[in-house]
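*Asks:* Quick one: this structure, given as structure tokens, is what I'll be asking you about.
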């Protein structure tokens, strides 16, 4: 364990409990007494996971912004982070996919940043960010993103140690910040998806896709492929594209909206295969599927190439198109995949291993 006696922890914003927040929760367990610095915090939105911690927020907290509205405040975040002052500590450990990388400890105090990705809206998804605002506002947003990009690069070069969550992120860190970064894969609660004591059950007749229903996630690839291959598909998730997708794919798609933990665990175990149409930096869904003993269909790119063993725990598709996914759905015998092999693969990403690997890096620092 790190020799830090009075560390501080930082995260971009704590509004929901998704992959980055669950990773930060495991990071915080390394230092259970350390205060947390973040721009905006919702105890209810984070399901009370940080209720026992001292959480310091920025002036943006007073605006009462929640998950759906925080993107409108993107130009204000750099200044808000500058107002967060983790002073009097001997280590700053942050988790960042946007702004926490900018936090500044006292001079001489090491800053270790676990990077989920360099801020996508300022770098590799700038065009998407512009497309998501009304056309009259784009000429105003473009220079703002350019300024954020420049200051983000400066921040990334200041950090003492950058840790990447995947090989994809490691490469982006090299391209954006000109830095080398060791890889520590995120934690996944694989134990909650383990089979019940009664053992493996026969899979059902459906494919499963777990995703936010937004255009860039590529859920249409999975839906069109299922339709073309004559497969029923269950979709867990919600988002602005839900109504349109329900209307288009009502014949073979069952939209479940947000599912409870128990419902999701059951859906994973009963699926013939789990479809991951998105190229993710890491991709927790592919690991959760394997933890439940189910094979995965995913692109041969991004995190899936690191988490799915092609031909053993799933199928990696060379082209991210409906036709390529449909061919895999139609041609592959998913019954031949060994659930035990899938669970062994998922065992590489437990919270315990994540904390152990991160602690080793902090020790070395």
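*Asks:* Can you name the residue in the stretch 82-93 that is part of a loop (DSSP other than H, G, I, E, B) and surrounded by fewer than 23 Cβ atoms within 10 Å (Cβ to Cβ) and, of all such residues, is farthest from the chain's Cα centre (by Cα)? Steps first, please.
*Replies:* Just the residues of the stretch 82-93 that are part of a loop (DSSP other than H, G, I, E, B), to begin with: 83-90.
Next, only the ones that are surrounded by fewer than 23 Cβ atoms within 10 Å (Cβ to Cβ) stay: 83-85, 87-90.
On the way: 83: 26, 84: 24, 85: 26, 87: 29, 88: 31, 89: 28, 90: 28 Å.
Within the stretch 82-93, the match that is farthest from the chain's Cα centre (by Cα) is 88.
*Asks:* Can you name every residue in the stretch 124-157 that is closer than 23 Å to residue 23 by Cα and either at pLDDT below 80 or touching a strand residue (DSSP E or B) at 6+ places or on another chain (Cβ under 6 Å) (or both)?
*Replies:* Selection gives 124, 125.
*Asks:* Let me ask something else. Of the conditions (1) modelled with pLDDT of 90 or more; (2) under 24 Å from the mean Cα position of the chain (by Cα); (3) assigned to a helix (DSSP H, G or I), residue 79 fails just one. Which one is it?
*Replies:* Among (1) modelled with pLDDT of 90 or more; (2) under 24 Å from the mean Cα position of the chain (by Cα); (3) assigned to a helix (DSSP H, G or I), the lone unmet condition for residue 79 is (2).
Table: residues versus (1) closer than 18 Å to residue 329 by Cα; (2) over 20 Å from the mean Cα position of the chain (by Cα); (3) assigned by TED's automatic domain parsing to the domain that holds residue 287.
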{"site": "227", "(1), (2), (3)": "yes, yes, yes"}
{"site": "231", "(1), (2), (3)": "yes, yes, yes"}
{"site": "238", "(1), (2), (3)": "no, no, yes"}
{"site": "245", "(1), (2), (3)": "no, yes, yes"}
{"site": "250", "(1), (2), (3)": "no, yes, yes"}
{"site": "255", "(1), (2), (3)": "no, yes, yes"}
{"site": "261", "(1), (2), (3)": "no, no, yes"}
{"site": "265", "(1), (2), (3)": "no, no, yes"}
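*Asks:* So which residues in the stretch 238-251 are in a loop (DSSP other than H, G, I, E, B) and either crowded, with 20+ Cβ neighbours inside 10 Å or out of contact with any helix residue (DSSP H, G or I) (no Cβ under 9 Å at 6 or more places or on another chain) (or both), if there are any at all? Give the derivation first.
*Replies:* Within the stretch 238-251, the first condition is being in a loop (DSSP other than H, G, I, E, B), and the residues that meet it are 238-241, 249-251.
Once the filter is applied, which keeps residues that are in a loop (DSSP other than H, G, I, E, B) and either crowded, with 20+ Cβ neighbours inside 10 Å or out of contact with any helix residue (DSSP H, G or I) (no Cβ under 9 Å at 6 or more places or on another chain) (or both), the stretch 238-251 yields 238, 249, 250.
*Asks:* Since residue 112 meets every condition but one in (1) surrounded by 23 or more Cβ atoms within 10 Å (Cβ to Cβ); (2) within 20 Å of the chain's Cα centre (by Cα); (3) closer than 27 Å to residue 5 by Cβ, which condition does it not meet?
*Replies:* (1)
*Asks:* State whether the residues of the stretch 202-214 include one that is under 23 Å from residue 279 (Cβ atoms), out of contact with any helix residue (DSSP H, G or I) (no Cβ under 7 Å at 6 or more places or on another chain) and in the same structural domain as residue 264 (by TED's automatic domain parsing).
*Replies:* From the stretch 202-214, those under 23 Å from residue 279 (Cβ atoms) are 207-214; that's our starting set.
Keeping just the survivors that are out of contact with any helix residue (DSSP H, G or I) (no Cβ under 7 Å at 6 or more places or on another chain) gives 212, 214.
Restricting the remaining residues to those that are in the same structural domain as residue 264 (by TED's automatic domain parsing) gives 212, 214.
Yes, some residue in the stretch 202-214 is under 23 Å from residue 279 (Cβ atoms), out of contact with any helix residue (DSSP H, G or I) (no Cβ under 7 Å at 6 or more places or on another chain) and in the same structural domain as residue 264 (by TED's automatic domain parsing).
The values are calculated or read from the model by the stated rules, or taken from the named source; none is laboratory data. The shown structure was predicted, so the numbers you read here are calculated from the model rather than taken from an experiment. Reconstructed Cβ throughout: ideal geometry from the backbone, glycine too, with neighbour counts over all protein chains shown.
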